[in-house]
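The values are calculated or read from the model by the stated rules, or taken from the named source; none is laboratory data. Since the model is a prediction, treat every value here as computed from it, not as a measurement. In this analysis, Cβ positions are derived from the backbone assuming ideal geometry, glycine residues included, and neighbour counts consider all displayed protein chains. Side chains are part of the model used for accessible areas, which takes the heavy atoms of the whole protein and leaves out ligands, DNA and RNA. Shrake-Rupley method; radii C 1.70, N 1.55, O 1.52, S 1.80 Å.
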Amino acid sequence: MLSPRHVGAALIVLVFAAASLAGDRDRNAQALARIAHAPLGLPSLVLSEQDAPGAARIALGRKLFFDPRLSGNGSMACVTCHVPEQAFTQTDRPTPKGEDGKSLRRNAPSLLNVAYEELLMRDGEAPSLQAQILVPLFEPHEMANPTFKGLIARLEQLPDYRGRFEKAFGAPVSVPLIGKAIASYERSLLCAQSPFD
């Protein structure tokens, strides 16, 4: 039998979990609203059917974006270089540091309004946002995943990812779907109505 203290602790955990889920629902709803109705000053966002946003896709992309377990040694997430408080870039140093602690060769461009970008990787190297996302995942000096299979196996073993890809995309985890999920989240990073605008 559980003591009153244990029951109280369990109830507190449930309340915080419910609040977190409600917060996620609110964030997802706000993200979908920004995509459907771009902030003042931005053109409407036109997406293909395969890139259509959805709450499950955006939530999965946000989770992946903030998860350091996505890197080869578990020390680096997308957010490491694209810091929300610094306009999804890094303003405190010329270039970010990679997984090995060494400065990278390129700066981390802001991800605000990246949904409108046609030339990605500064030189147009990546044909789409979801393709661009895969570059740092496997770049040896960035997130340094040695193989596609290794990254997929790692995500398949994490209980908090079970069923998430199936819910968002109707398919199990794959490298292309990792790119699509993170791209879904990044497309929701729309910003306008600033004093500059």
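Taking the listed residues 32, 47, the one that is in a helix (DSSP H, G or I), surrounded by 10 or more Cβ atoms within 10 Å (Cβ to Cβ) and modelled with pLDDT of 80 or more is 32, with no other qualifying.
Does residue 117 satisfy being open to solvent by 70 Å² or more (accessible area, probe 1.4 Å) and closer than 19 Å to residue 181 by Cα? Yes, satisfied.
Could you please let me know if residue 56 is assigned to a helix (DSSP H, G or I), open to solvent by less than 50 Å² (accessible area, probe 1.4 Å) and either among the β-branched types (Val, Ile, Thr) or touching a helix residue (DSSP H, G or I) at 6+ places or on another chain (Cβ under 9 Å) (or both)? Yes.
Okay, residues lined up against (1) open to solvent by 20 Å² or more (accessible area, probe 1.4 Å); (2) in contact with a strand residue (DSSP E or B) (Cβ under 8 Å, 6 or more places away or on another chain); (3) under 21 Å from residue 67 (Cα atoms):
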| position | (1), (2), (3) |
| --- | --- |
| 96 | no, yes, yes |
| 122 | yes, no, no |
| 149 | yes, no, yes |
| 156 | yes, no, yes |
| 159 | yes, no, yes |
| 163 | yes, no, yes |
| 166 | yes, no, yes |
| 177 | yes, no, yes |
| 184 | no, no, yes |
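The number of residues in the range 59-73 being exposed (fewer than 15 other Cβ atoms within 10 Å of the Cβ) and in contact with an Asp or Glu (Cβ under 9 Å, 6 or more places away or on another chain) comes to 1.
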